[in-house]
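Trainee: Below: one structure in structure tokens.
The values are calculated or read from the model by the stated rules, or taken from the named source; none is laboratory data. Every value quoted in this text rests on a predicted model; they were computed, and no experiment measured them. Don't worry about glycine lacking a Cβ; one is built from the backbone with ideal geometry, like all the others, and counts go over all protein chains shown.
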Amino acid sequence: MSEVRIILPDNSVKTFPHEPSALDVALSIGPRLAKDTLGVKLNGSKEITDLRLPLKDGTKIELITTKSVEAQEVIRHSAAHIMAQAVQALWSDVKVTIGPVIENGFYYDFDSPRPFSEEDFSKIETKMQEIVDKDTPLVREEWSSAKAIETFKGLGERFKVEIIQDLKTDKVSIYHQGPWFDLCRGPHVQSTGQVKAFKLLAVAGAYWRGDEKNPMLQRLYATAFGDRKELEQHLKNLEEAKKRDHRKLGKELGLFMFHPLAPGSPFFTGKGTVIYTELQTYLRELYRNYGYNEVITPQMFDVELFKTSGHYDNYKENMFFSKVEERDFGSKPMNCPSHCLLYASEKHSYRELPMRVADFGRLHRFELSGAMHGLTRVRTFCQDDAHIFCTLDQLQTEIASFMKLLRQVYEKLGMNKFNIYLSTRPEKRIGSDELWDRAEGALAEALKSLNLPYTINEGDGAFYGPKLDIMFVDALNRPWQLGTLQVDPNLPNAFELNYTGEDNTEHRPLMLHRAILGSLERFIGVYLEHTAGHLPTWLAPVQVMILNVTDRVNSFCEELETGLRGNKVRVEFDRRSEKLNFKIREAQLQKVPYMLIIGDKEAELKKVSIRLRTGETINELSVDAAMEMILKDIKNRNLQPGKEQSI
């Protein structure tokens, strides 16, 4: 065999007399790198390949090491095997099925004659540590499918047999760690000792392959890291996440509810509706500044609309349909087709473009019952949705305007950390490659001109065009996809949209789909968790709570309440015959930004003592000064009560 050339990320080349593994390449660079290598990416792919597999001539590689972001995926994949080995070492009658990596951890499904409990976790973790301490190498072998089926049948591992039969391949990969082995395609660490820290988290039931007709299995959830400090921080974040869970906060603060008669469809209470409408009010103010016109469009359309738009062929599994007077109708999952109808209802000149159309209409999308999760995954919602019809020459300016608007909103809300992803053409799409090339190129060029760093997210664009996805990173360092900008050259073609150009001939506009917060329901869930329910005063359902020390001051408290209401402040007067400390605690639990404490002295001097949600106090402030502080906070939409926000 002639020399095999392997291309490194800096485009330098390593040559070998045979097809090397990624580990061979790492070793040729240095023993330290080889020791830290966990896997490899090939030819720009996002998928991690096992470090043991031979590399073909001309392959461009990126080594995954213990310092790589992707390291956790390989570590957790191997930790799942270690957990399965530990379980079978403890209970020999338990059979194994699958153990995939999931977000922030992994799980393994077991066929066990006895249910696992949390009391078993320490036993399993102890046995896992024994396996890790042995630092046993993981060895990959290729078996014929026939040999694998025969071997697993002999062990009574019927689920593994079923998997191999369904694969319909001649060969399968088997990974050994000492005497224990498992069917797996990898990737895996070099030895068990590279899994430095792990923790079992939960146990649940799960049907084999998600089908209730199949046997019920025991699913053990766990996580693993290459460093114990990372694990400890993760466990702290999990505890904090439980406290911040928006479903818990929503109930405690009385913001929203769900009912089985309307699955996946939230009810917002009076308090929750305040947050909802205040967000819309803020966005409407900005829309006026940025040249948007708000419209209202129908919620149901004849399915012919969705056939024209492409949603029927590419999205119908996510839609709700009904029949009315022998006509098939669909509830709109998106506003874009109706905005195309609006645009097409009149003739347009280049002088009218860009045309920016905003819509807070309700949308409906079918989500599987098992996928729904509080406000962050629902079946009915409202987006801060807008569509921009523009010329190609206007595209860069509109993308820049979008990013300016998004940053203004995010900074106002204290959401300063976010990442930008450029999602490119998916396999299932409409439109020519030429149109896709032009749209993807325009987004990349705009980001570069704005000097905004971004990451390519291959194949994750919408079926009608590429997009920018804005991934907000919250207080617990969790990413959430909220804002988006999608360049769509295809819907204008489908609806035959035109404008008269400066040359007096017909031209086709580009269409931009954009959202800043995304689904308001989802955003409120995310933002509650980000802030732990401590909303800025302008968003708080109750902005001021008046607390009396004694009934003797009630008349003065009522005067304050009337004055605040007259200035459109959301205020409540807690006149209950309870001790002051009790009332303060109750107001703090409700995350009220301002507490006005009124005792005999305050009533006599016509002053107030302010206690902020943070615990900070301001004693004997004049009513006018207190009013000015609160109103200024609300008007400026400050992040924290009593604090000026500089943007």
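Trainee: Of the conditions (1) assigned to a strand (DSSP E or B); (2) in contact with a helix residue (DSSP H, G or I) (Cβ under 7 Å, 6 or more places away or on another chain); (3) crowded, with 20+ Cβ neighbours inside 10 Å, residue 375 fails just one. Which one is it?
Mentor: (1)
Trainee: What are the residues in the stretch 449-468 that are crowded, with 21+ Cβ neighbours inside 10 Å and in a strand (DSSP E or B), if any?
Mentor: 462, 465, 467, 468 - these are the residues of the stretch 449-468 that are crowded, with 21+ Cβ neighbours inside 10 Å and in a strand (DSSP E or B).
Trainee: So which residues in the stretch 191-218 are crowded, with 19+ Cβ neighbours inside 10 Å and assigned to a loop (DSSP other than H, G, I, E, B)?
Mentor: Passing the criteria: only 195.
Trainee: Okay, next question. Which condition number does residue 381 fail, the rest of (1) touching a helix residue (DSSP H, G or I) at 6+ places or on another chain (Cβ under 9 Å); (2) aromatic (Phe, Trp, Tyr); (3) in a helix (DSSP H, G or I) being met?
Mentor: Every listed condition holds for residue 381 apart from (3).
Conditions tested, residue by residue: (1) charged (D, E, K, R); (2) at pLDDT 95 or above.
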residue: 229; (1), (2): yes, no
residue: 235; (1), (2): no, no
residue: 249; (1), (2): no, yes
residue: 263; (1), (2): no, no
residue: 287; (1), (2): no, yes
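Trainee: Select from the stretch 298-355 the residues that are among the hydroxyl-bearing types (Ser, Thr, Tyr) and more than 30 Å from residue 504 (Cα to Cα) and write down the one among them that is nearest to the chain's Cα centre (by Cα).
Mentor: 315
Trainee: Let me ask something additional. Mind listing whichever residues of the stretch 111-160 are within 33 Å of the chain's Cα centre (by Cα) and part of a strand (DSSP E or B)?
Mentor: Within the stretch 111-160, just 111 meets the criteria.
Trainee: Are there any pairs with C-beta distances below 9 angstrom linking a residue in the stretch 406-429 that is without any contact (Cβ under 8 Å) to a residue 12 or more places away in the chain to a residue that is in a strand (DSSP E or B), with the two at least 6 apart or on different chains, and if so which?
Mentor: Taking only residues 6 or more apart or on different chains, the pairs are 407/418.
Trainee: For the condition over 15 Å from residue 539 (Cα atoms) and under 23 Å from the mean Cα position of the chain (by Cα), what is the one hit in 238, 279, 261?
Mentor: 238
Trainee: Separate question: Might you let me know whether the stretch 164-186 holds any residue that is among the acidic types (Asp, Glu) and outside any strand (DSSP E or B)? Please lay out each step first, then the result.
Mentor: Of all residues in the stretch 164-186, those among the acidic types (Asp, Glu) come to 166, 170, 182.
Filter once more, so that each one left must be outside any strand (DSSP E or B): 166, 170.
Yes, the conditions are met somewhere in the stretch 164-186.
Trainee: Only residues in the stretch 133-152 that are acidic (Asp, Glu) count as the first member; pair them with residues that are in a helix (DSSP H, G or I), Cβ under 9 angstrom, at least 6 apart or cross-chain, and list the lot.
Mentor: 133/192; 133/193; 135/192; 135/193; 135/194
Trainee: Then there's this: Residue pairs, Cβ under 6 Å, 6 or more apart or interchain, first in the stretch 220-237 and loosely packed, with under 15 Cβ neighbours inside 10 Å, second not in a strand (DSSP E or B). List them.
Mentor: Going by the 6 Å Cβ cut-off, the qualifying pairs are 227/196.
Trainee: Let me ask something else. Quick one: is residue 412 over 19 Å from residue 462 (Cα atoms) and of a type in the set (Lys, Arg)?
Mentor: Considered against the rule, which asks whether it is over 19 Å from residue 462 (Cα atoms) and of a type in the set (Lys, Arg), residue 412 comes out as yes.
Trainee: Residue check, residue 223 against (1) assigned to a strand (DSSP E or B); (2) at pLDDT below 90, all met but one. Which one?
Mentor: Every condition holds for residue 223 apart from (2).
Yes/no matrix, rows are residues, columns are (1) surrounded by 19 or more Cβ atoms within 10 Å (Cβ to Cβ); (2) modelled with pLDDT under 90; (3) in contact with a Pro (Cβ under 7 Å, 6 or more places away or on another chain); (4) not in a loop (DSSP other than H, G, I, E, B):
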{"position": "389", "(1), (2), (3), (4)": "yes, no, yes, yes"}
{"position": "395", "(1), (2), (3), (4)": "yes, yes, no, yes"}
{"position": "398", "(1), (2), (3), (4)": "yes, no, yes, yes"}
{"position": "402", "(1), (2), (3), (4)": "yes, no, no, yes"}
{"position": "406", "(1), (2), (3), (4)": "yes, no, no, yes"}
{"position": "411", "(1), (2), (3), (4)": "no, no, no, yes"}
{"position": "414", "(1), (2), (3), (4)": "no, no, no, no"}
{"position": "426", "(1), (2), (3), (4)": "no, yes, no, no"}
{"position": "431", "(1), (2), (3), (4)": "yes, yes, yes, no"}
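Trainee: Only one of these is closer than 24 Å to residue 285 by Cβ and small (Gly, Ala, Ser): 483, 465. Name it.
Mentor: 483
Trainee: Residue pairs, Cβ under 8 Å, 6 or more apart or interchain, first in the stretch 569-586 and of a type outside the set (A, V, I, L, M), second in a loop (DSSP other than H, G, I, E, B) and surrounded by 16 or more Cβ atoms within 10 Å (Cβ to Cβ). List them.
Mentor: 570/540; 570/541; 570/542; 570/543; 572/542
Trainee: Considering only the stretch 273-334, give the strands (runs of 3 or more DSSP E) lying wholly within it that have at least 3 residues that are surrounded by fewer than 16 Cβ atoms within 10 Å (Cβ to Cβ).
Mentor: Filter on the stretch 273-334 gives 321-324.
Trainee: Please work out which residue is nearest to the chain's Cα centre (by Cα), limiting yourself to the stretch 558-592 and to residues that are over 13 Å from residue 544 (Cβ atoms) and of a type in the set (Lys, Arg).
Mentor: 585
Trainee: Would you please name the residue that is surrounded by the most Cβ atoms within 10 Å (Cβ to Cβ), looking only at residues in the stretch 103-115 that are in contact (Cβ under 8 Å) with a residue 60 or more places away in the chain and of a type outside the set (Asp, Glu)?
Mentor: 106
Trainee: Does residue 251 satisfy the condition of being of a type in the set (Lys, Arg) and over 30 Å from residue 363 (Cα atoms)?
Mentor: Criteria not met by residue 251.
Trainee: I would also like to ask the following. Here are 23, 38, 63: which of them is in contact (Cβ under 8 Å) with a residue 12 or more places away in the chain and within 24 Å of residue 234 (Cβ to Cβ)? Lay out the reasoning, then the answer.
Mentor: On the way: 23 fails: within 24 Å of residue 234 (Cβ to Cβ); 63 fails: within 24 Å of residue 234 (Cβ to Cβ).
The unique qualifying residue is 38.
Trainee: A further question on this structure: Of the conditions (1) modelled with pLDDT of 95 or more; (2) surrounded by fewer than 19 Cβ atoms within 10 Å (Cβ to Cβ); (3) out of contact with any Leu (no Cβ under 9 Å at 6 or more places or on another chain), residue 121 clears all except one; give me its number.
Mentor: Condition (3) is where residue 121 drops out.
Okay, residues lined up against (1) surrounded by 21 or more Cβ atoms within 10 Å (Cβ to Cβ); (2) outside any loop (DSSP other than H, G, I, E, B):
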residue	(1), (2)
62	no, yes
69	no, no
75	yes, yes
79	yes, yes
85	yes, yes
88	no, yes
93	no, no
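Trainee: I've got another one for you. Restricting the search to the stretch 153-171, which residues are touching a residue at least 60 places away in the same chain (Cβ under 8 Å) and under 16 Å from residue 184 (Cβ atoms)?
Mentor: Within the stretch 153-171, 157, 159, 160, 163 qualify.
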